[in-house]
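Written out below as structure tokens is the structure these notes cover.
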Amino acid sequence: MNTIDVEIDIAIVGATGVVGEALIEALDNSLMDLGFEVGELHLLASARSDGETRMYRQRPLLVESLDDFDFARVQLAFFAAPAAVAAEYAPLAVEQGCRVIDFSARFRADPQVPLVVAGVNDEALASGDCPLVALPGALTTDLSLIVRPIHQVMEICRIHVASYQSVSTAGQAGAKELARQTSCLLNGLPVEPALFPEQIAFNIVPQVGGIDREGHSETELDLVAELRKLMESEEIPLSATCVQVPTFYGSCQAISLEMRYPTELEEFVGILKGVDGLELAESSGDYATSLAMIEKDSGFRCSVGRIRPSLSIENGIDLWAVSDAVKNSTIFNALKVASGLIKYSY
């Protein structure tokens, strides 16, 4: 059956959060050709959202209670909710015959659950037997688009990344805390950190998530583990430093790669030019900023610039990558994965 003839009823769990609302907007605006028609859309959230609505197809759509929902009513569910919610309800949805795409970290490390980035490892969906699919974090999504095709041709032997993450990584609560702290400080009022470990307004905090005994943050460890799973390699040395910055949206990464053999910059750039979803700067000195990625609707997931030879590593190349972590990376990948999942399932 041609998938374009299939009508898929969809549920969005966590529809009132940052990712959930961005997903509604993307479906409403037909962000891309999904290869199937969207039938009924069900917006699900906790009891706190009872009575709320969200606009979809020019009409208000009522947010339904997750507790009372029968997942047999839909063929596909996006879980844009915390890991604890996914842990409780995603298996139930699968049991009721629904395909699940989970944004949370709950199933990313599960060897029985494929971790998928569209354009990187689509073959993970090809069996058609994938009732539950995990999506990596936005940082890993962007990084994998760059390093996996390079590794397939040039054999990377070391990766280091420093990420600069906006407060939207903590959802709506993160944006509210930055706005509140900024307002207080501009009016001469003291602030007390609530969501972040330190004051985030007018500050840079080298910690995203909890810190373990060795000093690694939760986000750093997650990024390394997710990238290893996507690349199917435990041998490449990986290190990461994740930093929280006082911007509302957008995430940036300074990436350093070491190849095993001498590398021509022109060949390196040529490989990346062939990657769907990447936008490359016109010259080695050009780059995008997080603000620029937020303001434009280019259809690209990630912008790559400042591509240059390393000054300290033989066969090394340094580069800069930017995305609107929610709309460009997370949502774009989720819809692409959904398209592949339905293609191989029907």
Mind telling me which of the residues 48, 54 ends up being in a strand (DSSP E or B), under 26 Å from residue 175 (Cβ atoms) and touching a Ser or Thr at 6+ places or on another chain (Cβ under 9 Å)? 54
Count, please, the residues in the stretch 251-260 that happen to be part of a loop (DSSP other than H, G, I, E, B) and in contact with a helix residue (DSSP H, G or I) (Cβ under 7 Å, 6 or more places away or on another chain). 0
Can you run down the residue pairs with Cβ atoms below 6 Å, 6 or more apart or on separate chains, where the first is in the stretch 102-116 and within 17 Å of residue 333 (Cβ to Cβ) and the partner is part of a loop (DSSP other than H, G, I, E, B) and at pLDDT below 95? 114/130
What are the residues in the stretch 14-37 that are among the aliphatic types (A, V, I, L, M), assigned to a loop (DSSP other than H, G, I, E, B) and crowded, with 16+ Cβ neighbours inside 10 Å, if any? 15, 31, 34
Would you mind stating whether residue 92 is over 23 Å from residue 176 (Cα atoms), in contact with a helix residue (DSSP H, G or I) (Cβ under 7 Å, 6 or more places away or on another chain) and either in a strand (DSSP E or B) or outside the structural domain of residue 276 (by TED's automatic domain parsing) (or both)? yes
Tell me the residue from 208, 243 that is in a strand (DSSP E or B) and closer than 17 Å to residue 171 by Cα, please. 243
The stretch 222-247 - residue that is β-branched (Val, Ile, Thr) and in contact (Cβ under 8 Å) with a residue 60 or more places away in the chain and, of those, nearest to residue 178 (Cα to Cα): 247
Which residues, counting only those in the stretch 71-96, are farther than 14 Å from residue 10 by Cβ, surrounded by fewer than 20 Cβ atoms within 10 Å (Cβ to Cβ) and of a type outside the set (S, T, N, Q)? 82, 83, 84, 87, 88, 91, 92, 94, 95
Residue check, residue 283 at pLDDT below 95, within 17 Å of the chain's Cα centre (by Cα) and among the small types (Gly, Ala, Ser): no
Subset of the stretch 53-70, residues in contact (Cβ under 8 Å) with a residue 12 or more places away in the chain and exposed (fewer than 14 other Cβ atoms within 10 Å of the Cβ), comes to 55, 57, 62, 65, 67, 70
Can you name the residue in the stretch 176-221 that is in contact (Cβ under 8 Å) with a residue 40 or more places away in the chain and touching a Cys at 6+ places or on another chain (Cβ under 9 Å) and is also surrounded by the fewest Cβ atoms within 10 Å (Cβ to Cβ) among such residues? 201
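The values are calculated or read from the model by the stated rules, or taken from the named source; none is laboratory data. The shown structure was predicted, so the numbers you read here are calculated from the model rather than taken from an experiment. Here the Cβ is made from the backbone with ideal geometry for all residues, glycine too, and neighbour counts use every protein chain on show.
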